[in-house]
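**Q** The structure's right below; bear with me while I get my questions together.
The values are calculated or read from the model by the stated rules, or taken from the named source; none is laboratory data. This is a predicted model, so every value here is computed, not measured. Glycine also receives a Cβ, built like all others from the backbone with ideal geometry; neighbour counts cover every protein chain displayed.
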Amino acid sequence: MAARKMKKLSIAHIHWGFPPVIGGVETHLSMLLPLFAKWGHRVSLLTGSSDGFKPRYVYKGARIHRTPLMDLNWLFHRGICGLNDKIREIMHTFFRQAKPDIIHAHNLNYFSKTHAQILSDFAIENKIPLILTAHNSWDDIQFLELTKDIRWSHIIAVSHFIRKEIMGIGIDHRRVTTVHHGIDTEFFRPDVNPRRVLVKHPILRKKKIIFHPARIGLAKGCDIGVKALRLIKDRFPDALLVMAGSKNIIDWGAVQQKDVAYILELIRSLKLQKDVLIDVFNLSEIAQIYTLSKLCIYPSSFSEPFGLCMLESFSSAKPIIVTNVGGMPEIVQDGINGFVIKSRDFEQLGFLAMRLLGDGDFCGRLGAAGRQMVLEHFRMERMARDNLAVYYNSLLK
């Protein structure tokens, strides 16, 4: 579809977080919204409040509206009871200003029935197509109810795995389209200058860096990476595991700190304190660390819906080792651009990491194959066009 020649749309997005909040959905939106604005569409986002950010501002052409009533961390501690009228008021005010042709919600089929029902009622009353991107799936009653009972005009799944999960609860396959994530291949590229992050962290110099670009948590397999590092150090004493710490995340249920405490104690008990670097990195620093890395790991122990870090790694020409869960095996081709291992198998992770560290040519070939795959199939422009195709098709129905 020649998206730029079609009618320009007013698109109202809704999600719980946006940078500086760190996460796959937030990174996805930080690419998608500016691209829509660049192509001439009117783009607005209703999202959670964040310290140091105004309630209203423009981000690369997109109008950002922030409110505590979309802040899941605040809502978890405060509770949603008694907030119905205020949530309805803030949503309706946002829609009056956005004047949307399309409403696009991200993971609004979970966390709050109140938000989802108000959103649905407004869309039905005003005959506006309501699109859901399901960036994840949950095995509980609320996910089942809000995915099935809300009248979504169409559902976008970020992987074939998520599409299958949604169809598994009874959604007609014709109402679900897979749109894989895309990536900014100019921002994440092999020749990013790492000077600034080297100044900040001199320990990165002359190390065989293994990068785990995920928030600290057991679900992301951070403990598996640490256990693998203990094996790797015997053969490669100069190996350094870099983990991207998490300061600004959506921590629904407040489990983050418990996971961090365990992982730090595991590092201490294995005497790896000098062999692991954990810090909070901004996006530019993360791109620089990819450049410095030999390889990346993402040994998630839960069904990762997609794993945007795979595309970041490939776009930076680095091979990645992932687990055979969720949507990750759809992208990682074993022995071609990375490796796929069994969940929680730290020995296999360590063995394959050592294979890549010990064979620079092989490691480079896998990284180059990943870069080529991204350039051919996973540019952010393709992702944006595929989203627009869903919008236009929904308007025609």
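**Q** Any residue in the stretch 115-143 that's farther than 19 Å from Gly48 by Cα: show its pairings with residues that are crowded, with 23+ Cβ neighbours inside 10 Å and charged (D, E, K, R) at Cβ separation under 7 Å, as long as the two are six or more apart or on different chains.
**A** Ser137/Glu165
**Q** If you don't mind, another one. Please list, ordered by residue number, the helices (runs of 4 or more DSSP H) wholly in the stretch 315-397 having 1 or more residues that are within 25 Å of Leu29 (Cβ to Cβ) and within 19 Å of the chain's Cα centre (by Cα).
**A** 360-377, 380-396
**Q** Now a separate question. Please report, ordered by residue number, the strands (runs of 3 or more DSSP E) entirely within the stretch 1-119 with at least 3 residues that are among the β-branched types (Val, Ile, Thr) and surrounded by fewer than 19 Cβ atoms within 10 Å (Cβ to Cβ).
**A** So the answer is none; nothing clears 3.
**Q** Looking at His180, is it surrounded by fewer than 24 Cβ atoms within 10 Å (Cβ to Cβ), closer than 30 Å to Asn136 by Cβ and of a type outside the set (A, V, I, L, M, F, W, C)?
**A** For His180, the condition - surrounded by fewer than 24 Cβ atoms within 10 Å (Cβ to Cβ), closer than 30 Å to Asn136 by Cβ and of a type outside the set (A, V, I, L, M, F, W, C) - is met.
**Q** So, one more: Test of understanding: among Phe306, Phe314, which residue is modelled with pLDDT under 95 and closer than 24 Å to Ala244 by Cα?
**A** Phe306
The rows are residues; the columns are (1) of a type outside the set (S, T, N, Q); (2) more than 20 Å from Arg355 (Cα to Cα); (3) at pLDDT below 95; (4) surrounded by fewer than 21 Cβ atoms within 10 Å (Cβ to Cβ).
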residue: Arg196; (1), (2), (3), (4): yes, yes, no, yes
residue: Ile209; (1), (2), (3), (4): yes, no, no, no
residue: Arg215; (1), (2), (3), (4): yes, yes, yes, no
residue: Ala228; (1), (2), (3), (4): yes, no, no, no
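Residue by residue, here is whether (1) modelled with pLDDT under 95; (2) touching a Ser or Thr at 6+ places or on another chain (Cβ under 9 Å) holds:
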position	(1), (2)
Arg66	no, yes
Leu69	no, yes
Leu83	no, yes
His106	no, yes
Gln117	no, no
Ile128	no, yes
Ala134	no, yes
Asp139	yes, no
Lys164	no, no
